[in-house]
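Asker: My questions will all concern the structure given below.
The values are calculated or read from the model by the stated rules, or taken from the named source; none is laboratory data. Since this is a predicted model, take the numbers as computed values, not measurements. Note that each Cβ is placed from the backbone with ideal geometry, even for glycine, and that neighbours are counted across all protein chains shown. SASA here: full protein model, heavy atoms, side chains in, ligands and nucleic acids out. Shrake-Rupley method; radii C 1.70, N 1.55, O 1.52, S 1.80 Å.
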Amino acid sequence: MVLGIETSCDETAAAVVSDEGARIRSSLVLSQLEEHRPYGGVVPEIAARAHLDHVDGLVRRALDEAGVEWSALGGIAVTAGPGLIGGVIVGAMTAKAIALVRRLPLAAVNHLEAHALTARLTDDLAFPYLLLLVSGGHCQLLVVEAVGRYVRLGTTIDDAAGEAFDKTAKLLGLGYPGGPALERAAASGDAARFDLPRPMRGRPGCDFSFSGLKTAVRHAVAALPQPLAERDRADLAAAAEAAIGDSLVDRTRNAIRRFRERWPAGSALVVAGGVAANRALRRRLDELAAESGLAFVAPPAALCTDNAAMVAWAGLERLRLGLADPLDFAPRPRWPLDPGAAPVRGAGVKA
Ligand code: KG4
Ligand code: ZN
């Protein structure tokens, strides 16, 4: 049984996960939404302090809810990056202290790897599989070959998909966090009313770009009467959701072609990360996978957005392979899953 801790962004989370029986014994997520809402986005300093206030109590509750004592744990896993470094340090120091006092092996987990391996926690999926990883900070297509082995097929040259949702939502006055708010607004909208660009669609390769879409939404908003009417807001939200979806599907289609050629043993398309909670996107990727003869795996929404069960699971997988980390591991603000991938050309390149 492994205790997992997640503090790399604006959710403080703790969970206990086992590889026998019901895997998730407890999974607690404390959102800092209210702390950050007045600022319309995550403030790193506020996030780090909030993690510090809550992490101890949350770990205690995660053990209580799982009904386990410290002595039942076989290891501890913590997100060691990439993320907001103040928060990552809070989680890392907490995990180091527990590992030292309880003499537990420690796994310093890459947050992206935790998202990437969630499909094995929920669905026992075998390697290799194709992964669309779409979150607030990342937008990548990766082949997951094994624990610790990733081949990046594409990444964003500007914004991440989650940022595209969040920034569009902000332009529409939908508040923070943008993804879920935009999805709700889009439900009653007419996606065909506004003709928004589909960046990168039809181009070879698997890279993404969303900054042009954001600019187009800004212009569309500026051309409408202010403040925005409910109908205008819903129609634009639906159009933006469709455009982001089109772009993600188009790039994923190219990636499937490559995956098929180079990894013929692979049989599944997986979506992970916060944006994978989006229902329209899940539906469309399900269709795309079916067309391509691939199984489609999308973890439940609560395991797509940040949580500690995925961190505990990634730690469990690593520790099972003997990949424990020393107590002096360093928290990492940047930490690419495929360090060998060629840098992409474009403004504001993300790791
Ligand atoms: O993985 P995550 O919880 O945190 C990061 O590691 O970034 O992803 C957060 C992102 C945010 O940009 C949020 O707006 C987006 O996921 N998101 C959604 C939905 N739920 C969360 N985007 C679209 N539709 C949703 N339902
Ligand atoms: Zn995440």
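Asker: Is it true that some residue in the stretch 227-245 is open to solvent by 70 Å² or more (accessible area, probe 1.4 Å) and closer than 19 Å to HIS138 by Cα?
Answerer: No, there is no match, as no residue in the stretch 227-245 is open to solvent by 70 Å² or more (accessible area, probe 1.4 Å) and closer than 19 Å to HIS138 by Cα.
Asker: Run down ASP250, ASP246 and say which single residue is within 16 Å of ligand 1 (Cβ to nearest atom) and either of a type outside the set (S, T, N, Q) or under 30 Å from LEU104 (Cβ atoms) (or both).
Answerer: ASP246
Asker: What residue, among those in the stretch 143-155 that are touching an Asp or Glu at 6+ places or on another chain (Cβ under 7 Å) and part of a strand (DSSP E or B), is most open to solvent (accessible area, probe 1.4 Å)?
Answerer: Within the stretch 143-155, the match that is most open to solvent (accessible area, probe 1.4 Å) is ARG152.
Asker: Something else about it: For the subset of the stretch 17-47 comprising residues that are assigned to a loop (DSSP other than H, G, I, E, B) and within 19 Å of the chain's Cα centre (by Cα), which member is farthest from PRO333 (Cα to Cα)?
Answerer: Restricting to residues being assigned to a loop (DSSP other than H, G, I, E, B) and within 19 Å of the chain's Cα centre (by Cα), the top hit is GLN32.
Asker: Among the residues of the stretch 115-151, which ones are within 13 Å of the chain's Cα centre (by Cα) and either among the β-branched types (Val, Ile, Thr) or more than 20 Å from CYS206 (Cα to Cα) (or both)?
Answerer: LEU117, THR118, ALA119, VAL134
Asker: Any residue at all in the stretch 279-286 that is in a helix (DSSP H, G or I) and open to solvent by less than 20 Å² (accessible area, probe 1.4 Å)?
Answerer: yes
Asker: Could you check how many residues of the stretch 168-207 are out of contact with any Gly (no Cβ under 7 Å at 6 or more places or on another chain), open to solvent by less than 50 Å² (accessible area, probe 1.4 Å), under 13 Å from ALA242 (Cα atoms) and assigned to a loop (DSSP other than H, G, I, E, B)?
Answerer: So the count comes out to 4.
Asker: Let me ask something else about it. Being modelled with pLDDT under 95 and within 16 Å of ligand 2 (Cβ to nearest atom): is that true of VAL42 here?
Answerer: Yes, satisfied.
Asker: Does THR94 fit the bill of being modelled with pLDDT of 95 or more, part of a helix (DSSP H, G or I), surrounded by fewer than 23 Cβ atoms within 10 Å (Cβ to Cβ) and of a type in the set (S, T, N, Q)?
Answerer: In short, yes.
Asker: When you check ALA146 against the structure, is it within 16 Å of ligand 1 (Cβ to nearest atom) and of a type outside the set (Phe, Trp, Tyr), yes or no?
Answerer: The answer is no for ALA146.
Asker: Please work out which residue is nearest to ligand 2 (Cβ to nearest atom), limiting yourself to the stretch 260-276 and to residues that are open to solvent by 10 Å² or more (accessible area, probe 1.4 Å) and not in a loop (DSSP other than H, G, I, E, B).
Answerer: Selected residue: GLY274.
Conditions (1) assigned to a helix (DSSP H, G or I); (2) more than 21 Å from the chain's Cα centre (by Cα); (3) more than 12 Å from GLU6 (Cβ to Cβ); (4) of a type in the set (S, T, N, Q), marked per residue:
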| position | (1), (2), (3), (4) |
| --- | --- |
| ARG49 | yes, yes, yes, no |
| ARG60 | yes, yes, yes, no |
| GLU65 | yes, yes, yes, no |
| GLY83 | no, no, no, no |
| GLY87 | yes, no, no, no |
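Asker: Moving to a separate point now. Mind telling me which of the residues ALA237, ALA268 ends up being touching a residue at least 60 places away in the same chain (Cβ under 8 Å) and either within 21 Å of the chain's Cα centre (by Cα) or more than 16 Å from ligand 1 (Cβ to nearest atom) (or both)?
Answerer: None of the others qualify; the one that does is ALA268.
Asker: So the check is Cβ under 9 Å with 6+ separation or different chains; which pairs have a first residue in the stretch 39-64 that's over 11 Å from ALA13 (Cα atoms) and a second one that's of a type in the set (Phe, Trp, Tyr) and surrounded by 14 or more Cβ atoms within 10 Å (Cβ to Cβ)?
Answerer: Here the result reads TYR39/TYR176; GLY40/TYR176; GLY41/TYR176; VAL42/TYR176, each pair linking the stretch 39-64 to a residue that is of a type in the set (Phe, Trp, Tyr) and surrounded by 14 or more Cβ atoms within 10 Å (Cβ to Cβ).
Asker: Has the stretch 121-136 got at least one residue that is more than 12 Å from PHE210 (Cβ to Cβ), touching a helix residue (DSSP H, G or I) at 6+ places or on another chain (Cβ under 9 Å) and among the β-branched types (Val, Ile, Thr)?
Answerer: yes
Asker: Scan GLY75, GLY137, GLY67 and give me the residue that is more than 16 Å from ligand 2 (Cβ to nearest atom) and either open to solvent by 30 Å² or more (accessible area, probe 1.4 Å) or free of Cβ contacts under 8 Å to residues at least 40 places away in the same chain (or both).
Answerer: GLY67
Asker: Filter the stretch 302-332 down to residues that are touching a residue at least 60 places away in the same chain (Cβ under 8 Å), charged (D, E, K, R) and in a loop (DSSP other than H, G, I, E, B), then give me how many there are.
Answerer: Total satisfying the criteria: 2.
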